[in-house]
Structures are given as structure tokens and as C-alpha cells.
Amino acid sequence: MNPPNPFDKLRTSPRQPRSIAFFFSLLWPLLLIGALAACVGGNPTPVDPYAAYRPAMPAEIWPADEVLDQMPRYEMTVDLDNSLKVLTGTADIHFTNTSPDPWTYVIFRLYPSLEQYGGLLSIQSAAIGGRAVPFSYQDQNTAVRVELPVALLSGKATTVYLSWILDIPQWQDTSLAYRLFGNSQDIVSLPLAYPSLAVYQPGLTTGTGQWWLDRGSVRGDAAFNYASLFAVTATLPSDQIPVTSGTLVTSTLAAPGLSRHVWVTGPVREFFLQTSNRFQSATTTAYDARITSYWLPGDEASGRAALQYTAAALRIYSDLFGPYGYADLRVAPAPMGVRGMEYPQAFLLGVQLYDEYRADLEIRTVHEAAHQWWYQLVHNDPVNTPWMDEGIAEYASKLYYEAIRGRSYAESLQARRWQAVIDLLTARGGDAPLNQPVAVYEDGAQYESVVYGKGALFYDAIRQALGERQFEAFLKSYQKNYRFQIITPPDLLTELRAYDPQVADSLYQKWIGPLPEEEKAGIGE
């Protein structure tokens, strides 16, 4: 007998939209004064629609308004209860249909409801233009389909209002278990704790596109998102110290025992929130970015070391890949054992890295820091092409160590960390193709060896083939040309072909697979 569906009793009547009015009430008079002053001077200037988000990035880094116009925008309010068990939220989500297909409905992902996350995100109401619209759960309640009253044609925009309740899993861990989501070890981790607009993938012909609904697994990453803008107002218990994406704009007392914080972001893949009442922290700067490292009591030395590793990595990667481009970057411990996890403008390191596995803290830190370029700025499908960001983020650690400790140390790192592992895997008959989904790998050991180790060796092969100057030029152009976009393996090939078409094709065929044009023609099947 199947258990009752927990979503059957949910309300479908809309609530009045709530927005970040508190923040915009402060900003709007300034914008109005500026507009009036411009009119009095005889040169009326339109109000900047992105003024509220500007504190999150230096002016010279922001993309053009026509690029921003294509990005989803979330005006979101969330409230975390004192028990740390329930988060309620509302959002106005503005987006443009950037596909060639008309949309009669849209899909929002409910990532907290993934099996590996263990939460339950329940939609309470959906509305467009103040009127309720039907919605239904999809794909084992990990997505919600919202019906549009009128088809949204290509290039047109709309705003969907959603309200929700999130039940936060409470993990009663007696050991240092791996927890991506929920309350564990005095830390509440809440990535993607809101409905997230799904990625729409156009088909080969008009009308054959589909919404991305893959669920991933605990083995790899699961979140696949458009670069979006966020303005988030969060009311939290006052003893909770938040670690988030974005830049803090205001922090005030909302009520006795409650604090209200407002953050805004530049283009980021998601909004991340983590809290603990035990965090301590220190801050430094690197290339005008404010870096904050958090730690738990007793781990100050490791927390300050992570701060310095992060600052050094930001400088090295900014020189090699292109500017980081955000006002803030944060690093914090999390209930992840000895692993790490990347989020926009923040990354997490397992609590064990701060004490008994302190020797691995540096390399974990610099790998996760590299994801601020390869995942956050340049994004890819993490479930079906995980090597695209993991391979280059892993190889970035060699580039870091070259800058910090010299070429011989970095070469030794490559030999023992990647090459020896792949050689052993091959000798045991466990080698596997690089370009395949996470689920295809036999186990975690094979997945990590191939996706991380073989992926890193692929980028070293590119470096050896192109030479130092062209390789550095390739890294910069790859990041610049695909900044804020979603890439596929053929995009990588296109970028490589700009430097040496013959070398690019040879490397792609050896490491990745048949050339895209050959796959389309069915050659080699």
C-alpha cells in the first residue's frame, strides 16, 4: 500500500505577494531624487532597473543591461523559525522566455525535496498578475509545474509569484555524517531553499524542447541553473550567524530575538544560505573582494588558514582565468566530513578538515575556490557532464601550487594525485570514458578518479599541446566568452579550435569522444 501523498492537502489559493519592500523603500527615494534632478536639468535619465543589485559587483564587471534583461530575477522573502525546523518563503520570479518555443507552462525545481537532500518543499500558492494559477507536482515532487494563463512567446517576459513552506530535515547525527541539506552538527545548510526556475533545453526543431528534471545523486552535484539576480530578505533568529551568497545591504532588529537581513547579488547560479549560532569569523581582502572565513570554536587556526588559502587562490585564479568580479567571497565549515561543496560566492569545507584531516585543508580549499569560475561563472550540466567543471577546478589546484610552491612540487602533485590513480584504475580494468553522466560510473571511487583525475589530466594535455602562452590565453577566453552562460562539450571544442583546430580535434577525440559533427552524422556507431 502506497503512503498518502503529503502534497494532497496543500492550499492553492494565492496569498498577497510579499517583496523586499523594506529595502526598496530605502532605495526608491534616492532613485526618485536622481530622476527629478535629471529632469530639472533638462536631460531626463531613466531609472536604472538594476540599481538595487549594483552593490554586489564592481561597476566595470557588470554585464550590459541587454544581457541582464535575459536573466531571471528573484525578489524573495524567507523566514526561519526559532526551532530551525521550518522556513517559509515568498518570491516574485521575473523571467524571459529565451527559447524559440512558446511556453504554456513553466517548471520550477524543488531541490530540497531531492532524496539526497531529505527536505520537503511544499508550494502553498501560485499567482500571475495577482490571480491564482493552477500548479501541480512533477517528477516525484521534485518540481512544480505552473500553468500560464497565456502562452509566453519567445522573447516575452512574465512574473510568477510563489509561496512555500520548507520542512528542514533534522539529522540526529552521532557521527560526522555527510549532509548537504538540513540541520546537522549545529549547522543549518539551506542551498536552493526556494523554487528555482528549471533550465529549458530547446530541441533540434521548434517545439521539441524540454525542461531539465534530472535528480542527480549524492555522488555528484544536482543543481543546474541559469545565472540569475537575487534580492533576498531573510528573518532569522538573532543568535544565528548567516553565511550566504551576495552582499549584505542591511541588517536590523525585526522583533525581539529576530533579525532581518537583506542581501543582493550579481548574476549567480543560486542563492545559498547557511546559519549557525557557533560561528566565529575573520575577514581579509584580495583584489578588492572581501573574503570571510568562518569556523567553529576550537578551530580558529584552521579557519584563519582557510582564509589565507582562499585569498591566495582568488589572486592566482583572477590572474589566470579573469576577474572574480564579486564584492564578497565566504568559506565556512559544514557537516561534510572531509569533502567540500561550492556555491555562488561561498563554499563549504567538511568539519573534519579543520582538525584531524587538517593536512587536506589547503587542497580542498583551492579546489572549491576554483569553482567560483568553473561552475559559478561558466556553468554546465552537473549530472550529465560533471567533468566539465570538476576537471578544470581540480587542475586549477596544480596551477595554484605552481604559483605558491613551484613547478616541481606541482608536477609531483599531479603524478601522485591523478596519474598514479588513473594508472592503477586502468591496470585493474576500471578505466571509463570521461564524457558520461554521474550515474554511469560503477561507484564513487571510479567516479572521482575519472571525473576529477582524468579530467585534470585532460587539461594538462591541452596545456602541453598548446604551450604556456596559448594555454593561458585559452583559459581567459574560455571564461570570458562563456561567462554567465551554460556550456556543453562542443562549446569547449569550439573554444579550443580557435587556437589550433587540428590539435583541438585530436585532443577531443582522444579524451572526450567523437567530434560533434561526427556524432550528428552517426559516424562510428
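Worth pointing out:
- Cβ crowding within 10 Å averaged over residues, with 406-412, 271-277, 130-136, 52-58 ranked highest first: 271-277, 52-58, 130-136, 406-412
- Straightening the chain between Gln140 and Arg407 buys 91.2 nm, computed as 0.36 nm per residue apart minus the Cα-Cα spacing.
- For region 103-146, the residues whose backbone nitrogen is under 16 Å from a point 7 Å from the Cα of Ala177, taken along Cα to Cβ, are 114-120.
- Cβ charges +1 (Lys, Arg) and -1 (Asp, Glu), total dipole of the chain, debye: 920
- Distances between placed amide hydrogens fall under 5 Å for Tyr343 paired with Leu348, all partners being 5 or more residues away or on another chain.
- Counting only DSSP beta bridges whose two residues both lie in region 278-377, roughly 55 percent are antiparallel.
- Rounded tilt (10° steps) of 455-466 against the dominant C-alpha axis of the chain: 60
- Across region 228-240, computed HN-Hα scalar couplings (Karplus, 6.51 cos²θ - 1.76 cosθ + 1.60, θ = phi - 60°) run 9, 9, 10, 10, 10, 10, 10, 9, 10, x, 5, 7, 7 Hz from first to last residue, x flagging Gly and Pro.
- If a spin label sat at a point 7 angstrom from the Cα of Gln502 along the line to its beta carbon, the backbone N atoms of region 459-480 nearer than 15 Å would be those of 465-466.
- Per-pair calculated FRET efficiency, R0 = 60 Å: Leu248 and Ala415 via Cβ, rounded to 0.05: 0.85
- Between Asp65 and Asn481, the FRET efficiency estimated from the beta carbon spacing at R0 = 30 angstrom works out to 0.95.
- Tilt relative to the chain, helix 361-370 - C-alpha long axis, 0 to 90 degrees, to 10: 70
- Integer Hz, Karplus 6.51/-1.76/1.60 couplings in order for region 472-488, x for Gly and Pro: 5, 5, 4, 4, 5, 5, 4, 5, 5, 6, 10, 4, 6, 10, 10, 10, 10
- Annotation: the antiparallel percentage among DSSP beta bridges lying fully within the chain is about 80.
- Farthest toward positive dipole pole in the chain [+1 Lys/Arg, -1 Asp/Glu at C-beta], among Phe230, Met336, Trp373: Phe230
- A simple spin-label model places the labels of Val338 and Leu213 3.9 nm from each other, with each point 7 Å out along Cα-to-Cβ.
- Counting neighbouring Cβ atoms within 10 Å and putting the fewest first, the residues Leu166, Leu176 line up as Leu176, Leu166.
- Ranking Gly429, Ala456, Phe474 by Cα position along the charge dipole of region 387-521, where only Lys, Arg, Asp and Glu carry charges on their C-beta atoms, puts Phe474 farthest toward the positive end.
- The label-point distance for Asp239 and Ala473, in a model that sets each label 7 Å from Cα toward Cβ, rounds to 5.9 nm.
- Think of the chain as having a plus end and a minus end, set by charges on the Cβ of Lys, Arg, Asp and Glu; of Ile107, Ala410, Tyr357, Ile107 sits farthest toward the positive end of this dipole.
- Between Ala132 and Asp431, the modelled label-to-label distance comes to 6.1 nm, taking each label 7 Å out from Cα in the direction of the beta carbon.
- Computing FRET efficiency as 1/(1 + (r/R0)^6) for Thr494 and Ala359, where r is the C-beta to C-beta distance and R0 is 30 Å, gives about 0.15.
- Loop-located GluC sites (Glu not before Pro) in region 60-169 (DSSP state not H, G, I, E or B) with no more than 12 neighbouring Cβ atoms inside 10 Å: Glu60, Glu115.
- Kirkwood hydrodynamic radius computed over the chain comes to 24.2 Å, based on all pairs of distinct alpha carbons.
- Using alpha-carbon coordinates, inclination of helix 300-321 to the longest axis of the chain, degrees: 80
A short reminder: the numbers here are calculations on the coordinates, not readings from a lab. Not measured: the values here are computed from a predicted model. For neighbour counting, all protein chains shown are included, and Cβ atoms are generated from backbone atoms with ideal geometry for every residue, glycine included.
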